[in-house]
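Only one structure is covered here, and it is reproduced in the block below.
The values are calculated or read from the model by the stated rules, or taken from the named source; none is laboratory data. Everything numeric in this text was worked out from a predicted model, so none of it was measured. Ideal geometry is used to build each Cβ from the backbone, glycine not excepted, and the neighbour counts take in all protein chains shown.
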Amino acid sequence: MDLERTDSLRHVDVVVLGAGMAGMCAAAATAAAGAITLVVESATTIGGSAALSHGTVWTVRDTDVLAQEDPGKYQKHGNSVVVGFDSAVAELSGFGTALGEPVESRRRRAQRFDLPLTFLRIAQKVHSSGGGIRTACVVDQVAPGETGYRVRLRGSRDEIETSSIIVATGGRQADPSVRAELAGPASVLRSNEHSDGGGIDLACSLGAGINSANRGFYGHLFPHGVAPLSGFDYRALALYHSTYGVLVDRNGQRFTDESAGDPRNTIALAAHGGDGVLLWSQATQERAATDPGPIDLVIDRWSYARDRGGQVARAESLDEAARIVRAWGFADPAGALTTSRLTGSTVFLARVVPGVTYTYGGLNATYQGEVLDGNGDVIPGLFTAGADMSDIYHEGYCGGLSAAAVTGMTAGRAAATWALGDTEPAARSTIKTVP
Ligand SMILES: Cc1cc2nc3c(=O)[nH]c(=O)nc-3n(C[C@H](O)[C@H](O)[C@H](O)COP(=O)(O)OP(=O)(O)OC[C@H]3O[C@@H](n4cnc5c(N)ncnc54)[C@H](O)[C@@H]3O)c2cc1C
């Protein structure tokens, strides 16, 4: 990236923290509005978790389906994602990076994008609007200033003045203590390794309130005992087919309706100690090993986990399956195994833990992405988007890229309006003062 230019930026309209899907979509909106934007990214490359994904931007068909998929009481901003999806996809399509045609089903809408190329095109737009993207860089301190905020970068004595800040650093899951507290000590990270709550902490230093009662997260069941080595593992080890299996906890009991889907099964397991056993039939195994699924990846996840040292097994009867579960240190699951989900003699087993992609409890915010303080009042000039924003989802999951895109673009537009007011770009300097 053009470090020379970003080094010389001292007064900007908007600072965006984080160059993942939310931060880049926010920057696309601020740059489109004519705001001089500096994006600060702690990793050496841009893209965040989106760069590890398949690039499928999807959500549910309507708000009725949203309510079924996520009945949680803290699900507050999911409606904005569902309602704003089409225009966010249209804006992304404007970068000329859509792959294939849009897909619509009874419950879902989706469009795949070449996201790395999208982000490069957004970066060009940010540069051509007078701003820049600074990678391998962390903001150490933010304080109210004369014209908004003063931002200090780590390792630098210089400060950057900005009218507004958008916090889009991707949640808190990369902090092992947060993950252990939410999903159990054996849970694993399933996202970029930089989203450790740094942006949320900075916002809290300015008085932001967070919703720690929302303990939800997006994730997938992972085989116990396998340390993911790459972004590929994040997809290859995710046990999507738990939807058709039987999940038992350490007491050998079923505790959730597995048909609700793997992300919800993962949240449920976290609430039941974060250590379980997933069992599935031969028929499910055959389907799962040949179905490309939502991420277009054909892989036999049971064999892949076995070859990577995961705790998996195969039994030729329910009695043998129960013996294996007991040998793994769990209570007798025999009562949980008499279900039509395990018809046929062969049973596949995997000891499973939650893989955490991103946390749902973050910064309290309005629908426009304005960050709220502990009293519920707007903190002027401070915005948030994506996984840092609290309460997009709570007990379910209806698309992470769509959530980041919609909330990012919304926060970007609001931050640009705050920074620029109604004045023409040539006539303005940075204009608003934080009381
Ligand atoms: C393997 C995988 C596959 C996925 N597949 C899909 C899919 O097909 N469809 C879908 O909808 N969703 C998918 N997701 C989820 C989706 O990628 C995320 O929900 C979404 O990208 C989150 O975007 P974000 O910008 O909020 O956070 P992030 O992507 O986490 O971006 C945050 C950025 O901020 C940076 N950062 C962190 N701390 C700081 C700091 N203090 N200062 C500056 N920068 C900081 C990080 O390095 C990162 O670049 C997938 C996720 C993974 C991991």
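Descriptive notes on the structure:
- Scanning region 344-370 for residues that are of a type in the set (D, E) and closer than 22 Å to Q311 by Cβ turns up nothing.
- Being closer than 21 Å to V298 by Cα and modelled with pLDDT of 95 or more holds for only one residue in F255, F222, and it is F222.
- Taken over region 224-257, residues that are surrounded by fewer than 21 Cβ atoms within 10 Å (Cβ to Cβ), among the small types (G, A, S) and within 22 Å of the chain's Cα centre (by Cα) amount to 4.
- Identification of strands (runs of 3 or more DSSP E) wholly contained in region 295-414 with 1 or more residues that are farther than 30 Å from V167 by Cβ yields 312-315, 347-359.
- Of all residue pairs spaced 6 or more apart or on separate chains, those with beta-carbon atoms under 7 Å, a first member in region 194-218 that is over 18 Å from G369 (Cα atoms) and within 9 Å of the ligand (Cβ to nearest atom) and a second member that is among the small types (G, A, S) and in a helix (DSSP H, G or I) are S195/A387; Y218/G400.
- Those residues of region 137-152 which are in contact with a helix residue (DSSP H, G or I) (Cβ under 9 Å, 6 or more places away or on another chain) and in a loop (DSSP other than H, G, I, E, B), in sequence order: C137, V138
- In this structure, R215 qualifies as within 19 Å of G261 (Cβ to Cβ) and among the basic types (K, R).
- In region 248-270, the residues that are in contact (Cβ under 8 Å) with a residue 40 or more places away in the chain, in a helix (DSSP H, G or I) and small (G, A, S): A260, A270
- Remark: I165 falls outside the filter, which requires a residue to be more than 10 Å from the ligand (Cβ to nearest atom), touching a Cys at 6+ places or on another chain (Cβ under 9 Å), of a type in the set (A, V, I, L, M) and modelled with pLDDT of 95 or more.
- Of the helices (runs of 4 or more DSSP H) entirely within region 1-83, those holding at least 1 residues that are more than 20 Å from V151 (Cα to Cα) and modelled with pLDDT of 95 or more occupy 21-32, 63-69.
- Conditions (1) more than 11 Å from the ligand (Cβ to nearest atom); (2) surrounded by fewer than 20 Cβ atoms within 10 Å (Cβ to Cβ); (3) within 15 Å of the chain's Cα centre (by Cα); number of the one not met by H54: (1)
- Within region 370-396, tally of residues that are touching a Ser or Thr at 6+ places or on another chain (Cβ under 9 Å) and either among the hydroxyl-bearing types (S, T, Y) or within 12 Å of the ligand (Cβ to nearest atom) (or both): 8
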